[in-house]
Amino acid sequence: MTPILEGIYGNRAAAQVLLFIQAYGSGYASRIATIFDTQQTSIYRQLIRLEASGVLVSRTVGKTRVFEFNDRNPSVRNLRQSLARELDLLPDDQVKKYFRQRQRPRRTGKRL
């Protein structure tokens, strides 16, 4: 994470949340916290703050609250373009570590 992103978005947790949701499309607090090895409460606070400001929207899937971008907000479109460019500029090791993890489960019986 670059210090410039942290400065623009307010803090490190906000930058992590926004980049994660840009890369994966949606996310929830415990998964984001696990990926970045940080406190779940700080991630959850940023998710709630961004939802209150209209950047994110949430829906409940089972007992989990899943957040994604609010595409009805015209400012979010510009934000997403900016985040996409930032993801392209990140070093490859950071992209592989944080933003390219497997999403789908493996087929039963498939060898590793």
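Side notes on the structure shown:
- Per residue, the chain reaches -17000 deg cm²/dmol at 222 nm when only DSSP H runs of four or more residues are counted, each adding -39500 (n - 2.57).
- Measuring nothing but how far apart in sequence close Cα pairs (under 8 Å, 6+ apart) lie, relative to its length, the chain scores a relative contact order of 23 percent.
- In summary, the aspartates and glutamates within cross-link reach of LYS97, defined as a Cα separation below 12 angstrom excluding same-chain residues under 8 places away, comprise ASP37.
- Taking trypsin sites (Lys or Arg not before Pro) as exposed when their DSSP state is a loop state and no more than 14 other Cβ atoms lie within 10 Å, the longest site-free interval of the chain runs over 1-62.
Computed from the coordinates by the stated procedures, all read-outs in this text should not be read as laboratory data. Please read these numbers as outputs of a predicted model, since none were measured by experiment. Please note: Cβ atoms are built from the backbone with ideal geometry, for glycine as well, and neighbour counts cover all protein chains shown.
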